[in-house]
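The values are calculated or read from the model by the stated rules, or taken from the named source; none is laboratory data. As the structure is a prediction and not an experimental result, all values here were calculated from the model. Because the Cβ atoms are built from the backbone with ideal geometry, glycine has one as well, and the counts that use them run over all protein chains shown. For accessibility, only protein heavy atoms count, side chains too; no ligands or nucleic acids. Shrake-Rupley method; radii C 1.70, N 1.55, O 1.52, S 1.80 Å.
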Amino acid sequence: MITLDGNSLLSKEQYLRFADLNQSDEYSDLSLNGIKNRIEKHPYIFKAEVKSDGRGNVDIKIKEKEIYAVIILGSEPYFISADFEFIKILEFTKYNDIPLISNAKLPDKIVPGIANKSNDIIQAFRIIDAARITDQDISKRLAEINLKYGGDVVLTFSGLNYPVIFGRGNEVKKMIYLSIMWDKTKELNLIGDNTSYIDLRFSNEAFIGKKTGTG
């Protein structure tokens with residue numbers, strides 16, 4: 001019997017099927033290193049540990065690559081890993097709380113499987129990191145990072161019907177302001193359906209834009 005643990009992006013069965021290990025009774029002559037090599041060929045997997053109990057049972061523990069964002073290239077969705085690797089999103093993949101990067105300036109040629117850095121992608125990663133270390137709620141609700149092809153970054157959050165004009169630079173400071181601002185305005189009911197945007201581009205200040213005619 002072959003068992004697998006540590007998966008979140010795909011089911012255990014999908015990983016084993018990819019590695020052609022879903023019919024374990026047919027692989028009695030396959031070595032532990034052979035199993036490890038097969039499973040580590042999957043584009044989502046960073047590394048795998050394979051152990052046997054000495055009675056014919058094999059346990060595979062995988063560590064998936066850390067996924068930072070989703071990006072659309074042409075018409076195909078890709079993950080971007082913590083190492084700036086672009087990974088095509090496979091059928092049946094499950095993922096939540098991963099933001100979309102849009103309108104990014106990218107290298108002239110994107111090669112899946114190797115680092116594809118650009119200033120815009122680095123900027124997006126800084127925003128994601130700032131959200132992660134500042135406020136878990138903000139991090140989970142961060143839905144889209146619109147990089148405006150090098151212009152002022154605009155963020156979209158799930159559950160909010162207005163954008164946050166974030167600009168560039170001072171990512172952690174701005175995320176702290178945003179977290180404090182949300183907490184305070186919830187108490188005072190200052191942000192509601194009449195809000196059209198929040199602007200964080202100005203030093204030590206944040207502006208709440210109101211829809212025309214709402215006062």
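Excluding same-chain neighbours fewer than eight residues apart, the aspartates and glutamates reachable from Lys184 by a Cα-Cα span under 17 Å are Asp135, Asp137, Asp193, Asp199, Glu205.
Potential lengthening of the chain between Gln23 and Ser52 amounts to 8.8 nm, from the contour at 0.36 nm per residue minus the alpha-carbon distance. Based on the Stokes-Einstein relation at 20 °C and a viscosity of 1.002 mPa s, and on the Kirkwood radius from alpha carbon pairs, segment 54-104 is assigned a translational diffusion coefficient of 167 µm²/s.
Computed 3J(HN,Hα) for segment 135-141, one whole-Hz value per residue from the Karplus formula 6.51 cos²θ - 1.76 cosθ + 1.60 where θ = phi - 60°, is 7, 5, 5, 4, 4, 5, 8, glycine and proline marked x. Database remark: amide H of Glu144 closer than 5 angstrom to the amide H of Leu100, Thr156 (H placed geometrically; neighbours at sequence offset of 5 or more, or on other chains; Pro and chain starts carry no H). The phi-based Karplus calculation (6.51 cos²θ - 1.76 cosθ + 1.60; θ = phi - 60°) puts the 3J(HN,Hα) values of segment 43-58 at x, 7, 9, 7, 7, 9, 10, 10, 9, 10, 8, x, 10, x, 9, 10 Hz, whole numbers, x for Gly and Pro. In order along segment 88-96, phi translates into HN-Hα couplings of 4, 7, 8, 4, 6, 5, 10, 8, 9 Hz, rounded to whole numbers, per the Karplus curve 6.51 cos²θ - 1.76 cosθ + 1.60 with θ = phi - 60° and x for Gly and Pro.
Could you check how many percent of all C-alpha pairs in the chain are farther apart than 29 Å?
Roughly 41 percent, once rounded to a whole number.
Solvent exposure of the chain amounts to 56 Å² per residue of accessible area, where only protein heavy atoms count and the probe is 1.4 Å. Across segment 76-91, the residues whose backbone nitrogen lies under 15 Å from the label position 7 Å along the beta-carbon direction of Ile114 are 84-87.
Taking amide H positions as modeled 1.01 Å from N, with prolines and chain starts lacking one, the residues under 5 Å from Ala69 and 5 or more places away or on another chain are Ile80. Dipole orientation for segment 67-210: of the candidates Pro99, Ile89, Asn116, Asn116 has the Cα lying most toward the positive pole (charges on Cβ; Lys, Arg +1; Asp, Glu -1). Among Gly34, Pro77, Ile60, whose Cα sits farthest toward the positive end of the charge dipole of the chain (+1 at Cβ of Lys/Arg, -1 at Cβ of Asp/Glu, about the Cα centre)? Toward the positive end, the furthest listed residue is Pro77. Straight Cα distances below 30 angstrom link Lys47 to the lysines Lys12, Lys36, Lys61, Lys63, Lys65, Lys88, Lys94, Lys109, Lys117, Lys140, with same-chain residues fewer than 8 positions distant left out.
Carbon-plus-sulfur accessible fraction, segment 2-64 (probe radius 1.4 Å, protein heavy atoms only): 45%.
In a simple Cβ point-charge model (Lys, Arg +1; Asp, Glu -1; nothing else charged), the chain has a dipole of about 540 debye relative to its Cα centre.
Working out 0.36 nm times the residue gap between Asp152 and Ile176, then minus their Cα-Cα distance, what length gain in nm do you get to one decimal?
Details: separation 24, 0.36 × 24 = 8.64 nm, distance 1.86 nm.
Length difference between fully extended and current span is 6.8 nm.
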